[in-house]
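Please read the structure below before turning to the comments.
The values are calculated or read from the model by the stated rules, or taken from the named source; none is laboratory data. What you see is a predicted model; the values in this text were computed from it and never measured. Methodologically, a virtual Cβ is constructed for each residue, glycine included, from the backbone with ideal geometry; neighbour enumeration extends over all protein chains shown.
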Amino acid sequence: MNKTKHEYTITNSCTCTGENDEYIDDCYGCWNDVLVMFNDDTKHLLDITNGDFFIDGLPLWNRNVAGNFTVKNTDDLLRAITIKGDWTLRYSVDSDTLYCCLSHHDVPTGRSFTVKPVHIPEWELAS
């Protein structure tokens with residue numbers, strides 16, 4: 001399993017910069033970079049399950065949510081743990097746990113939550 005690398009910060013807002021390191025109006029693919037990085041960091045979590053995960057504490061506007069969900073790939077995983085709107089996600093991966101802190105318009109300072117694969121016995125994965 002992977003060891004904790006370090007905390008990453010990603011956002012669904014454009015972070016493309018020009019020559020002066022200032023944000024620019026035109027986006028040149030920074031979202032694709034975000035997806036590649038998140039995929040690299042979390043792909044092993046999909047390898048140890050059939051896509052079933054348990055989330056504990058997803059911060060929504062008026063409460064935290066917990067429950068199971070199923071995804072097909074890491075892009076789906078990212079959509080499942082964020083909101084439809086602008087957000088910033090700080091995360092790290094330690095073994096089989098994704099530790100997250102999500103900030104958005106209803107939770108501007110962010111709140112923490114965890115995501116864990118629902119483990120499938122090896123004999124079920126082989127069939």
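A few remarks follow.
- Taken over segment 27-49, the residue count meeting the criterion of being closer than 16 Å to VAL71 by Cβ and surrounded by 12 or more Cβ atoms within 10 Å (Cβ to Cβ) is 11.
- When residues in segment 5-24 are screened for being in a loop (DSSP other than H, G, I, E, B) and modelled with pLDDT of 75 or more, 7 of them pass.
- Tabulated pairs, segment 77-100, first under 16 Å from VAL118 (Cβ atoms), second among the acidic types (Asp, Glu) and not in a strand (DSSP E or B), C-beta under 9 angstrom, 6+ apart or interchain: LEU98/ASP41
- Residue match in segment 36-48 (condition: in contact with a strand residue (DSSP E or B) (Cβ under 6 Å, 6 or more places away or on another chain), modelled with pLDDT of 85 or more and assigned to a loop (DSSP other than H, G, I, E, B)): yes
- Scope segment 68-95; condition of a type in the set (Ser, Thr, Tyr) and either in contact with a Phe, Trp or Tyr (Cβ under 8 Å, 6 or more places away or on another chain) or surrounded by fewer than 16 Cβ atoms within 10 Å (Cβ to Cβ) (or both); matching residues: THR70, THR74, TYR91, SER92, SER95
- Condition met for GLY110 (among the small types (Gly, Ala, Ser), outside any strand (DSSP E or B) and at pLDDT below 95): no
- Filtered residues of segment 69-85 (kept if closer than 18 Å to ASN32 by Cα and touching a helix residue (DSSP H, G or I) at 6+ places or on another chain (Cβ under 8 Å)): ASN73, THR74, ASP75, LEU77, LEU78
- Candidates in segment 103-112 are the residues that are within 13 Å of TRP87 (Cβ to Cβ) and in contact (Cβ under 8 Å) with a residue 12 or more places away in the chain; of these, the one that is surrounded by the most Cβ atoms within 10 Å (Cβ to Cβ) is HIS104.
- Subset tally (residues that are closer than 17 Å to THR11 by Cβ and assigned to a strand (DSSP E or B)) for segment 59-95: 7
- Reported count of residues in segment 1-36, each being free of Cβ contacts under 8 Å to residues at least 40 places away in the same chain and under 14 Å from LEU98 (Cα atoms), is 0.
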